[in-house]
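The values are calculated or read from the model by the stated rules, or taken from the named source; none is laboratory data. Quick caveat, the model's predicted, so the values are computed rather than measured. All Cβ positions, glycine included, derive from the backbone under ideal geometry; neighbour counts span all protein chains shown. Ligands, DNA and RNA are stripped out before the accessible areas are found, and what is left, the full protein with its side chains, is counted by its heavy atoms. Shrake-Rupley method; radii C 1.70, N 1.55, O 1.52, S 1.80 Å.
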Amino acid sequence: MRNFIKNTRPKLLLFFRRFFFSFGLLAFFMYVLSFTDIPYYAYRNLSMESETLSSPPDIIVVLGGSGMPSPDGLIRCYYAAGAANKFKHANIIIALPYTVSDSLSQLKLMAHELVIRGVDSTRISFEPLGFNTHSQAENIAQIVGRDKTFKSLLVVSSPEHLYRAIKTFRKVGFNKVGAVPAFENPVDEVKIKDTKTSKDPRIKNLTLRYNMWSYLNYELLVMREYCAISYYKIKGWI
């Protein structure tokens, strides 16, 4: 037993050294990358913002994300309400898994957020049984039925999630699918590019105070989403 431990210890030490060295290289690479625009464009490319519909949507699907109250739940409701008020004849489906403890309360909170922004409550329905994007898309396809092949769908979700979401809805039979990426806008994009003349104090020292930390966050979001996309491709869901 002692000989086994003695022989194994150098191998474990070598493994951990290589692991932490590789982890350090990855962290350094991500840090350097955060000073470039690559993370932003990678994040933006996942948003599918170019996927627009040629006619008003028949259905607006709001993917619930972390539910309510949460930052992504609120921002998605904000964009969904804007789309619903623009396309008055579209029905709205809120997709969010319900839990036994709170039943449909989070779904109702999202619906309430839409109602206080001017959306008629009779237009809103729920899809509470799906536990991921794939199962939600399948359940919504069953709700719509055979009409899914010609019904147009507008999907509201976080920007990094929309590539996978739209591909998933197309996979289950929807031919007309558009995207509404729920972008956060903490600082006006035009002002960000005008660091010399802007008087907004948030614009000063952008490279360190805004871009770097935001871009590091984008890197994590994009890496996580690419892992999810790979998993969906392996499963044949997109």
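The H on the amide N of Phe126, modeled in the peptide plane, is under 5 Å from the matching H of Ile94, each at least 5 residues off or on a different chain.
Spacing of the modelled spin labels on Leu26 and Tyr41, each 7 Å from Cα toward Cβ, amounts to 2.4 nm.
Amide H contacts under 5 Å for Gly178: Leu153, Leu154, Val155, restricted to partners 5 or more places along the chain or on a different chain, H placed in the peptide plane at 1.01 Å from N. For the residue pairs Lys11/Lys233; Lys148/Lys235; Lys108/Lys235; Lys108/Lys151; Lys148/Lys233, the C-alpha atoms sit more than 27 angstrom apart in Lys11/Lys233; Lys108/Lys235. With θ taken as phi - 60° and the Karplus curve 6.51 cos²θ - 1.76 cosθ + 1.60 applied, the whole-hertz 3J(HN,Hα) list for segment 221-232 is 4, 5, 4, 4, 5, 4, 5, 5, 4, 4, 4, 5 Hz, x standing for glycine and proline.
Close amide-amide hydrogen proximity is noted between Arg117 and no other residue 5 or more places distant or on a separate chain, at a cut-off under 5 Å (H modeled in the peptide plane; Pro and chain starts excluded). Heavy-atom surface analysis with a 1.4 Å probe gives segment 42-171 a carbon and sulfur content of 53 percent of its accessible area. Cα centroids of segment 121-171 and segment 11-43: 36 Å apart. Per residue, the solvent-accessible area of segment 5-89 (1.4 Å probe, heavy atoms of protein chains only, all protein chains present) comes to 67 Å².
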